[in-house]
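Chemist: Have a look at this one before I ask anything.
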Amino acid sequence: MTTIINKISLQKRDKAVNWHPYTQMKTANNTIPIVKGKGIYLYDEEGNKYMDVVSSWWVTLHGHAHPYIAQRVFEQLNTLEQVIFAGFTHEPAVELSERLLKLLPSDQEKVFYSDNGSTAVEVALKMCIQYAHNQGKKKTKILAFKNAYHGDTFGAMSVSGKSYWTQPFESMLFEVIFIDTPNPENLKQLQAQITALADEVACFIYEPLVQGAAGMLMYRAEDLNSLMKICREQGILMIQDEVFTGFGRTGKFFAANHLTEQPDIMCFSKGLTGGTMPMGITTCSNGIYSAFLSDDHHKTLFHGHSFTANPLACAAALASMELLLQKDTQMNINRITQQNSVFVKTLSGHPQVENARHIGTILAFDFKTVQGTSYFNEIGKKLYNEFLQRGIIMRPLGNVLYLVPPYCISAEELDFVYQNIIEVLDQFK
Ligand SMILES: *Cc1c(COP(=O)(O)O)cnc(C)c1O
């Protein structure tokens, strides 16, 4: 009884004071107060458990409240919780940079810390624009993909595809040239388009292989390689936004591991700390870094955040990386990938399903509706509630349903989710 009262009171208190992200507060469901997380489960006050197969907005890699990460953060908290990163350094930041760079394509040689995926993108864009500026070149245009999503700050919004999300700010966003994602049919035309623009373009920013927020749209590594090759030849810097795809999501450590071409700059966040602490990283090549080395102060990268390279977040990232590299975790990622590849075939035969697809631990499909594919498709909310009642947290992007589970999900648990998907789909047959 008391727990129910607590729940209602927490919902009420929440509604009185909190404004939630990406939420129309007028029509939103009541928020669900969560009191505990363990592994792939979140628990509410009444002891109901929910399978978090969206990894709490794509961040949780090893499950909730992982004891090893908790322990490492606790130790760090008792040693050094924060230090200004201008003029000072610390072991966790140095070690994290060393370890991360070892896992990245060989060109990546320097690490710049910030707070989240959007800021990692802002830093990357500023690096590219100032790279040209520092060399006295006027290259200020940026290339990006239609349907891209790179974050919600102004620079990140500018390079994200035009949508309802960015519409109120349209007049204040800087100039970006949007191109289609590549496929064997349009590749030649895209290459010509890029070549024609090369003189003015500072950089090309892209989500490699999967456009997450746009609805888990996937495209081929060989086609991206071809575009990257042209950019390289034309002197256009490449920003590979691995905020979502990094740290095992695509079945390999990074999307970069599916590619033969190398970017100049890379962005990371989301899974970076295993989903425990906010942190963003922008890495770059020595070529970029060198363009900022000068006796002229004007050539400095004037960017930083209060919590740049926060030791606690670094400790969490190091612990998460250790877990990621363990054989068991790698076996889990391979197993999830394998299970997904089988389930995609099952889904493809279902009359309610279109375009079933997967890469590594990411699985997605379009729910067939008369309204067509859109973020505001009403069916999304219905499906969200239906899965929630079954104790599964799925957060459809409109009529696109997807799974992005923590890697600790067992074969049985994943099968249970698959089975529920089929049951829900069958209701609409
Ligand atoms: C989520 C996301 C971002 C933004 O990250 P935040 O931490 O939410 O600011 C940037 N790029 C990609 C590809 C993302 O998926």
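Chemist: Need pairs with beta-carbon distance below 9 Å; first residue under 11 Å from LEU259 (Cα atoms) and within the range 218-234, second part of a strand (DSSP E or B); sequence gap 6+ or separate chains.
Modeler: Correct list of pairs: LEU224/TYR206; MET228/PHE204; MET228/TYR206; MET228/MET238; MET228/GLN240.
Chemist: In the range 88-197, which strands (runs of 3 or more DSSP E) lie fully inside it and hold 2 or more residues that are touching a helix residue (DSSP H, G or I) at 6+ places or on another chain (Cβ under 9 Å), touching a residue at least 60 places away in the same chain (Cβ under 8 Å) and within 16 Å of the ligand (Cβ to nearest atom)? Lay out the reasoning, then the answer.
Modeler: Details: elements: 108-114, 141-145, 176-179.
Because the criterion is at least 2 residues that are touching a helix residue (DSSP H, G or I) at 6+ places or on another chain (Cβ under 9 Å), touching a residue at least 60 places away in the same chain (Cβ under 8 Å) and within 16 Å of the ligand (Cβ to nearest atom), the strands (runs of 3 or more DSSP E) in the range 88-197 that meet it are 108-114, 141-145.
Chemist: Next question, about the same structure. Quickly run through the range 69-86 and pick out the residues that are loosely packed, with under 14 Cβ neighbours inside 10 Å and either among the basic types (Lys, Arg) or not in a loop (DSSP other than H, G, I, E, B) (or both).
Modeler: Residues satisfying the conditions are ALA70, GLN71, PHE74, GLU75, LEU77.
Chemist: Being out of contact with any helix residue (DSSP H, G or I) (no Cβ under 9 Å at 6 or more places or on another chain), within 30 Å of ALA65 (Cβ to Cβ) and not hydroxyl-bearing (Ser, Thr, Tyr) narrows it down to one of GLU386, GLU378, GLU413, so name that one.
Modeler: Among GLU386, GLU378, GLU413, only GLU413 is out of contact with any helix residue (DSSP H, G or I) (no Cβ under 9 Å at 6 or more places or on another chain), within 30 Å of ALA65 (Cβ to Cβ) and not hydroxyl-bearing (Ser, Thr, Tyr).
Chemist: Here's another thing I want to ask about it. Take the range 324-366 and flag every residue that is under 30 Å from GLU75 (Cα atoms) and more than 19 Å from the chain's Cα centre (by Cα). Explain how you work it out, then say what you get.
Modeler: Taking the range 324-366 as the starting set, the residues that turn out to be under 30 Å from GLU75 (Cα atoms) are 324-333.
Matches in the range 324-366: LEU325, GLN326, LYS327, ASP328, THR329, GLN330, MET331, ASN332.
Chemist: Would you check which residues across the range 206-235 are within 16 Å of the ligand (Cβ to nearest atom), within 16 Å of ILE142 (Cα to Cα) and either in contact with a Lys or Arg (Cβ under 9 Å, 6 or more places away or on another chain) or not acidic (Asp, Glu) (or both) and list them?
Modeler: Applying the first criterion (within 16 Å of the ligand (Cβ to nearest atom)) to the range 206-235 yields 206-219, 224.
Of the ones still in play, those that are also within 16 Å of ILE142 (Cα to Cα) are 206-207.
Residue satisfying the conditions is TYR206 alone.
Chemist: Can you report the number of residues in the range 239-253 which are more than 19 Å from ASN116 (Cα to Cα) and either hydroxyl-bearing (Ser, Thr, Tyr) or within 10 Å of the ligand (Cβ to nearest atom) (or both)?
Modeler: Total meeting the criteria: 1.
Chemist: Has the range 271-282 got any residue that is hydroxyl-bearing (Ser, Thr, Tyr), within 13 Å of the ligand (Cβ to nearest atom) and under 30 Å from LEU77 (Cβ atoms)?
Modeler: Yes, the range 271-282 contains at least one residue that is hydroxyl-bearing (Ser, Thr, Tyr), within 13 Å of the ligand (Cβ to nearest atom) and under 30 Å from LEU77 (Cβ atoms).
Chemist: Next question. If a residue has to be within 22 Å of the chain's Cα centre (by Cα) and of a type in the set (A, V, I, L, M, F, W, C) to count, how many in the range 84-114 make the cut?
Modeler: Total meeting the criteria: 8.
Chemist: Taking the condition touching a Leu at 6+ places or on another chain (Cβ under 7 Å), at pLDDT 95 or above and not β-branched (Val, Ile, Thr), does TYR418 pass?
Modeler: no
Chemist: Among residues belonging to the range 20-59 that are under 26 Å from LEU325 (Cβ atoms) and within 16 Å of the ligand (Cβ to nearest atom), point out the one that is surrounded by the fewest Cβ atoms within 10 Å (Cβ to Cβ).
Modeler: TRP57
Chemist: Collect the residues in the range 328-355 that are surrounded by 19 or more Cβ atoms within 10 Å (Cβ to Cβ), under 24 Å from LYS429 (Cα atoms) and not polar (S, T, N, Q), keeping them in residue-number order.
Modeler: Those that are surrounded by 19 or more Cβ atoms within 10 Å (Cβ to Cβ), under 24 Å from LYS429 (Cα atoms) and not polar (S, T, N, Q): PHE343, LEU347, VAL353.
Chemist: Scan the range 198-213 for residues that are among the small types (Gly, Ala, Ser) and either free of Cβ contacts under 8 Å to residues at least 12 places away in the same chain or more than 18 Å from GLN130 (Cα to Cα) (or both) and jot them down.
Modeler: GLY212, ALA213
Chemist: Consider HIS62 against the criteria (1) exposed (fewer than 15 other Cβ atoms within 10 Å of the Cβ); (2) outside any helix (DSSP H, G or I); (3) modelled with pLDDT of 95 or more: it satisfies all of them except one. Which criterion is unmet?
Modeler: The single condition HIS62 does not satisfy is (1).
The values are calculated or read from the model by the stated rules, or taken from the named source; none is laboratory data. Bear in mind the structure is a predicted one, so any value in this text is a computation, not a measurement. Methodologically, a virtual Cβ is constructed for each residue, glycine included, from the backbone with ideal geometry; neighbour enumeration extends over all protein chains shown.
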